[in-house]
1. Quick one: what are the phi-derived ³J(HN,Hα) couplings along the range 723-740, Karplus 6.51/-1.76/1.60 with θ = phi - 60°, whole Hz, x for glycine and proline?
2. Set the bar at 30 Å for Cα to Cα. Now go through K627/K680; K637/K680; K627/K728; K689/K813; K694/K728; K614/K680 and name every pair that lies beyond it.
3. Could you pull out every residue, at least 5 positions away or on a different chain, whose amide H is within less than 5 Å of the one on V721? Hs are placed 1.01 Å off N in the peptide plane, and Pro or chain starts have none.
4. Could you derive backbone 3J(HN,Hα) for the range 659-667 from the dihedral phi with the Karplus parameters 6.51, -1.76 and 1.60 (θ = phi - 60°), listing whole Hz in sequence and x where the residue is Gly or Pro?
5. Quick one: T651, T143, T49, fewest Cβ neighbours within 10 Å first, how do they rank?
6. What Kirkwood Rh does the range 579-659 have if only Cα atoms enter the pairwise 1/r average? Answer in Å.
7. Between V368 and L402, what is the FRET efficiency for a Förster distance of 22 Å, r being their Cβ-Cβ separation, to the nearest 0.05?
8. Which ³J(HN,Hα) values in Hz, rounded to whole numbers, follow from the phi angles of the range 627-644 under the Karplus curve 6.51 cos²θ - 1.76 cosθ + 1.60, where θ = phi - 60° and Gly and Pro get x?
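No lab work stands behind these numbers, since they all come straight from the coordinates. Since this is a predicted model, take the numbers as computed values, not measurements. Neighbour counts run over all protein chains shown; Cβ positions are idealised from the backbone, glycine included.
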Amino acid sequence: MPRIEPAQRRALLAALLTLCVFIAALWVLDDSLRHLHLRDIWTPLRTLTTAEIAAAIGWTAASYFALTLYDRLSLDIAGRPLPYPRVATISFIACALAHSLGLSSVSGGSVRLRAYSAEGLSAADIAVVQGLFSLTFLIGAGTLLSGSLLIEPADAARLLHIPAPLAQGLGALLALALVGYALAASLRDQPLRLRHWQIPTPRPTQVLSQFAVSTLDIACSAAALYVLLPGSVEIGYPAFLGIYVIAITLGAISNVPGGLGVFESALMLLLPTTNPAPMLGAILLFRLVYYIGPFIIALLLLGWREMHAVRKPLMRATSLLRRSLESVVPQALAIAVFAAGAVLLFSGSLPAIGQRIDWLAEALPLGVIEASHLAGSALGVGLLILARGLYRRLEAAWWLTLLLLGAGIAASLLKGVDFEEAILLAIIMAVLALSHERFYRKAPLTEAKLSPLWLLNVALVIAAAIWLGFVAFRKVEYAHQLWWQFAFDANAPRMLRASLVAVVIASAYGLWSLLGSVHTEPEAPGDEDLQAARACLGSGSDSLPNLVLLGDKQILFSEQRDAFIMYRRSGRSWIALGDPVGNPARHAELAWRFRELCDEHGGWCVFYQATAEKLPLYLDLGLSLSKLGEEARVPLKAFSLEGKPRAELRTAQRKGQREGLSFSVIGTDEVVTRMDELEKISSAWLSHKSTAEKSFSVGRFDRRYLANFPCAVAQRDGHIVAFANLWKSGDGAELSVDLMRYGADAPKGVMDYLFVELLLWGQQNGYSWFNLGMAPLSGLEHHPLAPLWHRMGLLVHRYGESFYNFDGLRRYKEKYLPVWRPRYLASPGGLALPRVMLDTGALIAGGVKEMVWK
């Protein structure tokens, strides 16, 4: 049985907890509605006036307006104000997604991260803004709840089943806590410091604004529901506010998407009513007005952006918004398709409208209606599953989703003339069709297996649809014969058959996802793979990719095998060496495939010694960047031994000549014939250094590996005393060395002589650069506001000098007067960074023990 990774275990536990909360909510709803029929829920809604529905829409608009002020206020407190029109659009989309998905810090936070990054805010600034947003909501919720407890303690005591004095006491404590926050924040004039975090404190006017906008938001959203409540719910607005705050808080902390079921259950338990059916209808209508409506508007806004993506923006605000929403489009469309699947499933569980089914009975045979009903539920499950592929930007998922949406439109019309859901599916299909360029990844659908959390969400939707069907047909007497009843008015049998189809399809796919074949880590590459990798080395200006020919790393090729990533696994880290190699057009797709491979195995995606040119790609992958150091590159066209700065190099050359040394570069054929001589030198060098061969980022003495390269050698009396194998970049501009070994009989300073002669040889043979390799932890900033990694690196540099000669290595390379170029580590960052660095060090050294003991 495969071992479950800790991250997978936590995901399973979170999914299990969410499932338990959802089941409990359904149980409460089922118990409350046990004796009700579906028409008991819908009939009272027909009594609502146009003015009441318009009032609910108006209060909803006011609530979302207040939510945009959350962002504006949080940006002002953080000291990063932006023009309100941009903030309002970003905030509306973030809030609409967060309300529908739950987990607002993740769903809404991801929108803010991308959008505000485009506006120049750092990740730390955006984290502060998101935290202030959540704090402002809590202030409003606490204010309204305390006011409700203090103003109407009798109602609160009756509804919460606690004594009235206790209700007043709780309200007073909550009010004191809020007053304490207001005083503390207003009186403190210095930012709050938590380790390396600096959190600004609001000014007194900003504190008042927090209370004002948050209470306005919640009061307006509560009013949107209050105006829809039936007359049987006898409660004043102040007392209702307290109940509403409790319900939305429980829904938010449940982790159930949108608080579905939890919010409804809390209101059903706490609100006083003798007839719960009309109240449930009002709550469902409120969900449509406050959640679904804004979400569709946000989706249309994204679609409008896609239609205008190819046109030159007319205003700078439009351009900035388009760039900031670019990465959100696939995720938003995935959510919309998931919602479309849920709509088809819910529709399959509800009875058809009588007049419409009569129309179909006159025009179509019964078999078409029955088949369309089953197809609608099957297509609904398919859309729930394909939403995962859209989330991962798979082109195959895009094509298949378009096909299923078209079939869903036909099924909706043929099973009951459900033109409302057909219009919804058509809108989603149109927006999706306009967004083809966002779904560019060529990976097969089989690689988009559902995660446990996604499977749980699919199961929750199907369970909710089945429960809704049993509520709708509660008065039906179920028997075995019911499965085989076919008639135009046989709605309950159709519901049972559709539910069975949905469960069978979802269960089969879920078992395949969880128990199907597990992707195993590839073996070391064979001769065919190494030959394909060699062909990819013909492009690029970096010589580091030559290490692929050592054959000790796994190779991930592009589908066309004209580009690759070489990597090794160490602990939980999957570490790629350098940037993607080969055809630049494949780099982005290949990097995403590597990111997906890491994700499938629960590993961390890491790129070691990444160059500055590819940093935007790693940021798009969601990785954090840490500077490893700088590598020295000598410009050969300007290189000479003349002048005072080169005096040390001239001395090294002349000393070697006096010692009887001669320099030459031997080709690969001669390297093979003199391999025994080279191996003897390498063994003597390792013995003298009392060290073992390193790996991963440097080569080792391997006959097959060395046979691929020419070698620079220093000879005395016809015998090799020192050598270094040569790397060349694909474009022929850069020359570098890998193994550098000298024998026991080599004179002192032989490597200085070898390097000087090699630089002159490279200059004569038309190379532009000579790469001396990296100086670790070099070039880190000493500024007090520098990133945490820079300060940690400087500490390692300072106290680790006795173990590793950081300064000496930098000084040695400085005498060649090089140009320094940064190299980076792209990784998940954060708390994972120390573990990633340990995994990388252990991989290079050959083990954790070898990191300490040479």
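1. Running phi through 6.51 cos²θ - 1.76 cosθ + 1.60 with θ = phi - 60° gives 8, 8, 7, 9, 9, 10, 6, x, 8, x, 8, 10, 10, 8, 10, 10, 6, 10 Hz.
2. Over 30 Å Cα-Cα: K627/K680; K637/K680; K614/K680.
3. A714, Q715, R716
4. Ordered by residue, 3J(HN,Hα) equals 6, x, 7, 10, 10, 7, 10, 9, x Hz.
5. T49, T651, T143
6. 16.6
7. The formula returns an efficiency of 0.40 here.
8. Whole-Hz 3J(HN,Hα) from phi for the range 627-644: 6, 7, x, 9, 9, 9, 10, 8, x, 6, 5, 9, 6, 7, 9, 7, x, 5.
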